[in-house]
Amino acid sequence: MSGVISHEFEYLKPKNLDELVDFLTQYKTKAKILSGGTDLIVRIKDGFESPEVLIDIKGIGELKELKFNGNSLFIGASVTFNELIDSEVVRERYPLLWEASKSVASTAIRNRATLVGNICSAVPSLDSGPALLDYEAEVILKSRNGERKVNINEFFLGPRKTVLKEDEFVYGVLIPFINRKNGSAYVKLGRYNGEDLAQVGIGILVVEGKEYRVAHCAVGPVAARARKVEQLLNGKDLNDSLIEEAKKLIVEEISPITDIRATKEYRIHMAKIMLERGLKAAVDRLNGKGPKYGERLI
Amino acid sequence: MRKISFILNGEKRSVYVEPNDLLLDVLRDKLGDKTPKYGCGRGDCGTCTVLLNGKSVRSCLILAVEVDGQEITTLEGISKGGLTELQKYFLKHNSFQCGFCAPGMIVTLEEFLKKNPKPDEEEVKEAISGNLCRCTGYVPIIRAVMDYVKNK
Ligand SMILES: Cc1cc2nc3c(=O)[nH]c(=O)nc-3n(C[C@H](O)[C@H](O)[C@H](O)COP(=O)(O)OP(=O)(O)OC[C@H]3O[C@@H](n4cnc5c(N)ncnc54)[C@H](O)[C@@H]3O)c2cc1C
Ligand code: FES
Ligand code: FES
């Protein structure tokens, strides 16, 4: 038996945004958008999705844009993780996103997998989540009725659930540029290098002036900010006793489960250690020291 | 059924496919190129890796209709003129037992070494981290790549 797909569907490839909007208006929940397919094709094979129509958006030029205008970075829906990693702007100005992108699967998956597909699949373990949450990214949604912007902190509603309406699609993501010195770290725990989803992911961004942003994935139903930890840390210099307090607080903010990939207890234990290492690395990087971006902290 | 056309290993090929046909199956069963292997069918093992416009991708996660008008290179194309230098180093170091993972490894390394011709060992490990080998424990594979890189 090869990996055939037994489910049958129609395949459409709109040439421009108007056609895409028309298709979505016409087919609504019967249709699924096909981007890199690294998530969707597996879901169809497994029988978790059975769309009547697949709408391949890779023929729409506008969605391939990756643009920085000095104030913000626009990442179009078709931009892949490898395109982000290869972008100098991302590496230099959004190192947390760069580091998180490097942690996704392997080259052959990242050549197809898109950041927007990652947030639309909205699994609790999505690696782009913590970085986008820390950067306060805005998601641009479009439909026949026009455009709306949703802060990423309000985008996820539950596992595989987002605010996306049935005839809407994600046009792209807009990430504001932080024009102050900052340091960051994405710490990902996987079972092995390459191809594995996060068992715990912690993303930390420290901005000059003692502002801390902390977000997590894979330890709750949705990726989210750890607001209590942030409140505790904000305005303070990082030291050992502060880190100990933060580690106690993070436990209150996460609600990991036991599944085939890790137990709840292990996840809690590791989240504390990863918070500590991430905070130290982010502050060191802010001060021009610390491990290089991309170096594994765990 | 619809007709798609694409460049396979330098030659234009046309074939009739259903929307739910996977690229891997079309290459193997309809076009007779058996170099991409079916392993897991879900992107995890890397044996089905081919190059799409020069970039490594998993042919078990791509619909054949998606590659209409594109360019596909498989191991068959890479070693068209006989064994490549890298393949000779794989032979020299006995970098396979069953050999099932080898096509995916070579295709993956083809893209990687083009981008990074003088990698260190860590970078090689990272490059093939998405390709599973059940037999060799990776040591002879990495040895072959490092020897190849040193002598190039
Ligand atoms: C072997 C393997 C390893 C993986 N490793 C990781 C990992 O380490 N970390 C990680 O986070 N993920 C991982 N993934 C999951 C997956 O690769 C990512 O979630 C990827 O970013 C999805 O992007 P895509 O473009 O392939 O999305 P697709 O599969 O094309 O789409 C995903 C979902 O989003 C919808 N969608 C896509 N684009 C839009 C849009 N513009 N508007 C509205 N809806 C849209 C689709 O309809 C579908 O429901 C892995 C997957 C595989 C197969
Ligand atoms: S068969 Fe495609 S990755 Fe395993
Ligand atoms: S040699 Fe058998 S899988 Fe690698």
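This model, with +1 at the C-beta of Lys and Arg and -1 at the C-beta of Asp and Glu, gives the protein assembly as shown a dipole about its Cα centre of some 640 debye. For chain A, the residue among A:I55, A:P176, A:I119 whose Cα projects farthest onto the positive side of the dipole built from Cβ charges is A:P176. Amide H contacts for A:Y11 (H built 1.01 Å from N in the peptide plane; partners 5 or more residues away or on another chain; cut-off under 5 Å): A:L54. What the Cβ-Cβ distance of B:S14 and A:S241 gives, at R0 = 56 Å and to the nearest 0.05, is a FRET efficiency of 0.20. Is the stretch A:51-175 rounded, prolate or oblate when judged by the Cα gyration tensor, a ≥ b ≥ c being the square roots of its eigenvalues, rounded requiring a/c under 1.5 and prolate requiring a/b larger than b/c? Rounded shape, in that the Cα axes give a/c under 1.5. With protein chains left intact and a 1.4 Å probe, residues in chain B average 45 Å² of accessible area per residue.
Look at the dipole of the stretch A:147-246 built from charges on Cβ: of A:A223, A:V187, A:I243, the Cα furthest out on the positive end belongs to A:A223. So what's the back-of-envelope 222 nm ellipticity for chain A, counting only DSSP H runs of four-plus at -39500 (n - 2.57) apiece and dividing by all residues, rounded to 500? That comes out to -9000 deg cm²/dmol. The stretch B:1-45 and the stretch A:129-176 have Cα centres separated by 35 Å. Measuring heavy-atom accessible area with a 1.4 angstrom probe and counting protein chains only, the residues of the stretch B:10-43 that give up at least 40 Å² relative to the chain alone are B:P19, B:N20, B:L22, B:D25, B:Y38, B:R42. Only Lys, Arg, Asp and Glu carry charge here, each on its Cβ (+1 for the first two, -1 for the last two); on that basis the stretch A:129-217 has a dipole of about 80 debye about its Cα centre. Seen against the Cα atoms of chain B and their longest principal axis, helix B:102-115 is set at about 80 degrees. Taking the C-alpha atoms only, the angle from helix B:139-151 to the longest principal axis of chain B is near 80 degrees. Simple rule: put +1 on each Lys or Arg Cβ and -1 on each Asp or Glu Cβ in the protein assembly as shown, find the dipole, and look at A:G278, B:G137, A:P14; the Cα lying farthest toward the positive end is B:G137. Interface burial in the stretch A:109-144 reaches 30 Å² or more for A:I109, A:N111, A:R112, comparing the full protein assembly with the chain by itself; accessible area from heavy atoms with a 1.4 Å probe. Placing R0 at 22 angstrom, the Cβ-Cβ distance between A:E62 and A:E10 gives a FRET efficiency of 0.40 after rounding to 0.05. Mean-square fluctuation check for chain A, GNM, Cα pairs under 10 Å: which of A:G70, A:G278, A:G203 is largest? Of A:G70, A:G278, A:G203, the most mobile in the Gaussian network model is A:G70. Rolling a 1.4 Å probe over the protein heavy atoms gives chain A an accessible area of 43 Å² per residue. When accessible surface is computed with a 1.4 Å probe, chains A and B are found to bury approximately 2500 Å² between them, both chains counted. Could you check how much of the accessible area of the stretch B:1-141 is carbon and sulfur, as a whole percent, using a 1.4 Å probe? Within the stretch B:1-141, the accessible surface is 49 percent carbon and sulfur. Charged side chains reduced to their Cβ positions (Lys and Arg at +1, Asp and Glu at -1) give the stretch B:65-144 a dipole of some 460 debye around its Cα centre. For the stretch A:24-105, the share of accessible area belonging to carbon and sulfur comes to 42 percent (1.4 Å probe, ligands and nucleic acids excluded). Sites counted here are chymotrypsin sites (Phe, Trp or Tyr not before Pro) in a DSSP loop (not H, G, I, E or B) having no more than 11 other Cβ atoms within 10 Å; the longest part of chain A that contains none of them is A:49-191.
Each Lys or Arg adds one and each Asp or Glu takes one away; over the other residues whose Cβ falls under 13 Å from the Cβ of B:F90, this sums to 0.
Scanning residues 5 or more positions from A:V219 or on other chains, those with amide H under 5 Å from its amide H are A:G201, with H placed 1.01 Å from N in the peptide plane.
Subtracting the Cα-Cα distance of A:L157 and A:I257 from 0.36 nm times their residue separation leaves 34.2 nm of extension gain.
The values are calculated or read from the model by the stated rules, or taken from the named source; none is laboratory data. Note that the structure is a prediction, hence the values are computed from the model and not measured. Every residue, glycine among them, receives a Cβ derived from its backbone with ideal geometry; neighbour counts consider all protein chains shown. For accessibility, only protein heavy atoms count, side chains too; no ligands or nucleic acids. Shrake-Rupley method; radii C 1.70, N 1.55, O 1.52, S 1.80 Å.
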